[in-house]
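Q: Mind having a look at this structure? Questions to follow.
The values are calculated or read from the model by the stated rules, or taken from the named source; none is laboratory data. Nothing here was measured: the structure is a model prediction, and the numbers come from that model. Cβ: placed from backbone, ideal geometry, glycine included. Neighbour counts: every protein chain shown. Calculation scope for accessible area: heavy atoms of the full protein, side chains included, ligands and nucleic acids excluded. Shrake-Rupley method; radii C 1.70, N 1.55, O 1.52, S 1.80 Å.
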Amino acid sequence: CVIIMIQLDAVAMVVASALMAGIFLYLQRRELSLESGDTWEGVWSLVVRSGLQRLHKGTTHPRNWSPNVLLFDHPEAPDAEPLRAVGQALVSRRGVLTEFSLVHGKKGRSVHPRHEEPDPEVAGVFHRHVDSDDSYATIEAVCRYHGFSGIEPNTVLMGWAERLHRPDAFPALLDTLEQHDLNLLLLAGREGPSRDRIDIWWGSGTASDQLALLVARFLTTSDDWRRVPVRFLVLN
């Protein structure tokens, strides 16, 4: 088509192309905002609904597995930033991360603005502010009810220091997560993991070993972890 337009009238083609580009940029700037609402919002809603329906009908092949992570942190805790960094690296190329900031105290308590809005530059990362007097009960409820059919959460990420809130009830929480068939990732240390090397402790080919491989695979697709060497430690 372009060749034919050049042969017919190159000047007219340039003028028409410039005119079409101007109309496109004008409509894009307006974002098709009408009195009835944002047109793109309706379009994306239809696309998402169609995608959810297809995912619900289909079966997920293990090779297509991607992390759908529920991250639980406390905004005032020292390990909140390292948890967020690891979670974002895990889903940087493929996956979904929903961060639940657990705030103790009265409902409606204000927090620092950076904990209220997600970072728009990080794709696939969403944020929820949850008032919680019992963090374990809140975590269990979120794991039980959060998600849509076809994209149910499959992994929980939280700090190892979480056990200090109620040490006697922490094992029961871990049992509950196992009953819900959720992978569990625990981050130890206030400074976060060192990016010098990834160690995979390989046992007998169990599901935990497969999860370790998947975590290493998805971490090393992020920019921060791309060149980190991976070492296998075989338990004999």
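Q: Using heavy-atom solvent-accessible surface (probe 1.4 Å) with all chains present, what is the largest-first order of ILE3, ILE139?
A: From most accessible down to least: ILE3, ILE139.
Q: OK, next. So what are the ³J(HN,Hα) numbers for segment 144-154, from phi and the Karplus equation (6.51, -1.76, 1.60; θ = phi - 60°), rounded to whole Hz, Gly and Pro as x?
A: Karplus values, whole Hz, x for Gly and Pro: 7, 10, 7, x, 10, 4, x, 9, 5, x, 10.
Q: For VAL14 and PHE170, compute 0.36 nm times the residue count separating them, minus their Cα-Cα distance, and round to one decimal in nm.
A: Details: separation 156, 0.36 × 156 = 56.16 nm, distance 6.81 nm.
49.3 nm is the gain from fully extending VAL14 to PHE170.
Q: Another question, then. Just to be sure I understand the model, the point goes 7 Å from the Cα along the line to the Cβ. What's the resulting HIS180 to VAL122 distance in nm?
A: Between HIS180 and VAL122, the simple spin-label model gives 2.0 nm.
Q: Could you point to the label whose value was computed as semi-axes √(5λ) of the Cα gyration tensor in Å for the structure here, given [x] 42, 25, 19; [y] 28, 23, 17; [z] 36, 23, 19?
A: [x]
Q: In what sequence, largest accessible area first, do MET5, MET20, MET13 appear using a 1.4 Å probe? Before the final figure, lay out each step's value.
A: Details: MET5 80, MET20 130, MET13 40 Å².
So the residues, ranked largest to smallest area, are MET20, MET5, MET13.
Q: To the nearest 10 degrees, how steep is helix 207-219 against the longest Cα principal axis of the chain, on a 0 to 90 scale?
A: The angle comes out near 40 degrees.
Q: Along the charge dipole of the chain, which of VAL43, VAL86, VAL130 sits closest to the positive end, that is, farthest toward it, with unit charges on the beta carbon of Lys, Arg, Asp and Glu (+1, +1, -1, -1)?
A: VAL43
Q: Just by accessible area at a 1.4 angstrom probe, what is the order of GLU191, GLU99, GLU178 from largest to smallest?
A: Most to least solvent-accessible, the answer reads GLU191, GLU178, GLU99.
Q: Another one. Please compute the contact order of the chain in relative form: average sequence separation of alpha-carbon pairs under 8 Å and at least six residues apart, divided by the residue count, as a percent. List each step's numbers first, then the result.
A: On the way: 287 pairs, mean separation 43.9, N = 236.
Reported relative contact order: 19 percent.
Q: Could you state the angle between the C-alpha long axis of helix 39-57 and the longest principal axis of the C-alpha atoms of the chain, as a value from 0 to 90 degrees rounded to the nearest 10?
A: The angle comes out near 50 degrees.
Q: Label-point separation (nm) for ASP209 and VAL43, each offset 7 Å from Cα along Cα-to-Cβ?
A: Simple spin-label model gives 4.9 nm for this pair.
Q: Tell me the accessible surface of HIS129 in square angstrom (1.4 angstrom probe, heavy atoms of protein chains only), to the nearest ten.
A: Its heavy atoms expose roughly 70 Å² to the probe.
Q: Round to the nearest 10 and report in Å² the accessible area of PHE148, as given by a 1.4 Å probe over the protein chains' heavy atoms.
A: Spelled out: PHE148, probe radius 1.4 Å, area about 130 Å².
Q: Taking the 0 to 90 degree range and rounding to the nearest ten, how far is the long axis of helix 170-179 tilted relative to the main principal axis of the chain, both from C-alpha atoms?
A: The angle comes out at about 50 degrees.
Q: Follow-up question, since we're still on this one. If you count only protein heavy atoms and use a 1.4 Å probe, how large is the accessible surface of TRP40, to the nearest 10 Å²?
A: Counting only protein heavy atoms, the figure is 120 Å².
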